[in-house]
């Protein structure tokens, strides 16, 4: 049948492995040589592996372009492992379904380790340690000499331990009263009250942000007061130095607004790792009463309407939970203590641990409240209430600080790490330190002194810290456009206007702020990775279980709205369609031999 | 027999470069994990494992890309790839949809493969392939992120393809200067090739002009077990069993593989006689177990008096076009380039 057709038979004599058609320097012979390679030295080349695709790194460049990290010298061995795995799967009863449903997968880009870990799942060999195999080379030591002394600021220590009963009892009476009024609201009003971290940014005058819609493109127009230069599209001329960074753009082509309901938070059931909706409902009510009035209304509203903070808390808690496995006494140090919204879910999860909960200590660090109230104190009381109802031994201390850089490890009264395991948590906070020289280095150094099991970090995925105004403008244009588009699903105009106003302030700070006033210094995962690696931290990978739960959380809270979870070298990114917006990463100290699950 | 191993594994290793063998074998491994015997699909694990790549409005190797939600109702996204201008400042958001200046600009609407269930427009393997197509064909490529099985069965993917076709056709910035019309070609591999055929059908029925169809290892089938399926079962990464699974996941429940979506020239197929169907370029790999169906497709087109060119690559396996380090890749790219420029 074949022979009768017009055909082009090809005897592919050269399909043996020896022939490689890597473009690179090959040039000239055919038009596609230029696209077959990723030579990192030239600007504008594709960089899937920003820090690793060096010619000397030995990575197979073609596979690297497709997202797989395999050393050329390891290729044969990886192939052999694949064959071995296929055979083992064939021999082990239910091997495939075990690997599919029970096994947690990590960092699939590292093919060799991925295959190896599946092999050892089915065919345990005592000598192989997948986590050790994936470990990065030992970090360089940090030179402390450049750290500048922090400015003085007020730090008050508010100490809440169960041992101070009288104190506790007084508070309890007050709380009881409030609780009667607030805890058992009917479900329609018990919304998950999300409050974000109040920034200390000083915003310029302009508030109103309009997003105008052309037929096909959504553009951001900042009103004239925000920036001295006129911002009409025609004035966007040549940009500054072309960056090598990626500029992901998602446009919405719409003739009309799609109206989607964004449902409020239903439960933290997924966060608890057990599908217990009664528990989740109770949790929601408790979260409701944690809310305190004196917060930045716009921020709070923004985080209620969007799933970002939910995702951040959820994924960070997942990593912390896993890091605390088997520990009897745990201590969370929260750099982003605001209303403590992240902690009820973690506490519940700890309460439900097989074998019982650990003793849970929380140190909450936050800036002074705008109305000078003791808000950190209040949050602590409420969490103590919760702890009591779920029978978790609880200890709390709040620290008010103008900047994280004002902290020293000695202030925290840390216990020896054999006695108490520490997790440090920072959600949308660390980037603010980049406004002052030396601050981030000081803080990371202090974190190291805390000897944490894990550092959980959530940050905006954007490059908003370029020195050039025009670069920041371009980057933030794309980022916030996407955020605005994701808001189109908001149920009412009021929500949208409030969210846009909040984002508008942030945009002003990004684009028009300068010096120490510009605190919204968002940087990308690649930049944070680089910084943390250099400081002596190594990644703790978030796996397929965390990914799945985060995806399911999104389906619960923001179903059909275009939000997506993506895995990137062990980190989880939340994005809108194909544009990542925030990233959760987890870290441990490089020289520790602790293996995170 | 699927999975009966030693001899078979060595055979496939002989005919592809080692890194390609590793790549395709890893996919095969992952895909085996994702298909459940009860017909459901482990979508969360699939999305976790799939390597994705962001669009990039900054030109890389002469190509820039951006994503568009072309239908907010269905959240249908497409990734647009364009040749970067020779010189000048970096493009801003306004320039992305700037009108093309070419007299003749081929616009290739691309449907990625994955047997209707796997991959996305932003999968790294397809992002890379589309970028290559832009360079080689001096074309704009629109990669459609169509709905996938088993969550969305027939005709979801075809509907999305049709939406994309109408959208592309109505973009003034994609028109060729010569005639102020959009010069549309449809291209796709595996299930994408199948989608090409079906979207072309709809286009013809509705009076839309498609200048050509490019089908790379297109996914077709039928109830019958053909000689090539029996001969090559399990030998080159693919098994009859997995093919059956994907058809069961895509076709309407209760339908068998003689459904016209699967078997367009089978007992339930319709004749293309006398229809102004676009010319077709069909690429068939000699180690693809479904080649008999692909060849039957070509024959069906010929019998209906339609213009079709068959490119039969004797020593090629599935997925050869994912990496450029083989002669099949070069040959196919040359052919595609000629195909879209001969207007």
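For a quick check: sort B:146, B:312 by the number of other beta carbons within 10 angstrom, fewest at the front.
Working: B:146 28, B:312 21.
If I rank by nearby Cβ atoms, fewest first, I get B:312, B:146.
Relative to the first principal axis of the alpha-carbon coordinates of chain B, what is the inclination of helix B:240-250, with its axis defined by its Cα atoms, in degrees from 0 to 90 and to the nearest 10?
The angle comes out near 50 degrees.
Which whole-number percent is the relative contact order of chain B (Cα, under 8 Å, 6+ apart)? Mind dumping the intermediate values first?
Details: 652 pairs, mean separation 59.1, N = 343.
Relative contact order for chain B comes out at 17 percent.
Under the 0.36 nm per residue contour assumption, what length would be gained going from the current alpha-carbon distance of residue B:173 and residue B:244 to full extension?
Details: separation 71, 0.36 × 71 = 25.56 nm, distance 4.18 nm.
Difference between extended and current length: 21.4 nm.
Per DSSP H run of n ≥ 4, the term is -39500 (n - 2.57); total these for chain B, divide by its residue number, and report the mean residue ellipticity at 222 nm rounded to 500 deg cm²/dmol. Don't skip to the answer; put the middle values down first.
Details: 10 runs with 123 residues, N = 343.
It comes out at -11000 deg cm²/dmol, rounded to the nearest 500.
Say each of residue A:410 and residue B:86 gets a label point 7 Å from the Cα, pointing the same way as Cα to Cβ; how far apart are those two points in nm?
6.7 nm
Working from the pairwise distances between different alpha carbons, so that the mean of 1/r is found and then inverted, what is the stretch B:121-265's Kirkwood radius in Å? List each step's numbers first, then the result.
Values: mean 1/r = 0.0602 Å⁻¹.
Across the stretch B:121-265, the inverse of the average 1/r is 16.6 Å.
Note down the Stokes-Einstein diffusion coefficient of chain B in µm²/s, whole number, using a Kirkwood radius over alpha carbon pairs, 20 °C, and 1.002 mPa s.
Working: Rh = 20.3 Å.
Translational D for this selection: 105 µm²/s.
At what distance in angstrom do the alpha carbon centres of the stretch A:494-515 and the stretch A:317-331 lie from each other?
About 36 Å separates the Cα centre of the stretch A:494-515 from the one of the stretch A:317-331.
Going by how many other Cβ atoms sit within 10 Å of their own, how do B:40, B:163 line up, fewest first? Mind showing how you got there, number by number?
Details: B:40 12, B:163 19.
Fewest-to-most ranking of B:40, B:163: B:40, B:163.
Largest first and in whole Å, give the semi-axes of the stretch B:213-343's equivalent ellipsoid, each being the square root of 5 times a Cα gyration tensor eigenvalue.
Values: eigenvalues 113, 91, 27 Å².
Output for the stretch B:213-343: semi-axes of 24, 21, 12 Å.
Compute the distance in nm between two label points, each set 7 Å from the Cα along the Cα-to-Cβ direction, one at residue B:270 and one at residue A:451.
7.5 nm
For the stretch A:313-376, what is the relative contact order in percent, using Cα pairs closer than 8 Å and at least 6 residues apart in sequence? Mind showing how you got there, number by number?
Values: 62 pairs, mean separation 26.1, N = 64.
With pairs under 8 Å counted, the relative contact order is 41 percent.
Taking the number of other C-beta atoms within 10 Å as the exposure measure, put B:245, B:173, A:343, A:114 in order starting with the fewest.
Arranged by neighbour count, lowest to highest, B:245, B:173, A:343, A:114 become B:173, B:245, A:114, A:343.
Take the alpha carbon gyration tensor of the stretch A:407-476, find the square roots of its eigenvalues, order them as a ≥ b ≥ c, and report rounded if a/c is under 1.5; if not, report prolate when a/b exceeds b/c, else oblate. List each step's numbers first, then the result.
Values: a/c = 4.50, a/b = 2.38, b/c = 1.89.
It is prolate, given that a/c is not under 1.5 and a/b is the larger ratio.
Throughout, read-outs are computed from the coordinates displayed, never taken from laboratory work. This one's a predicted model, so the numbers in the text were calculated from it and none came from an experiment. Note that we place each Cβ from the backbone using ideal geometry, even for glycine, and neighbour counts take in every protein chain shown.
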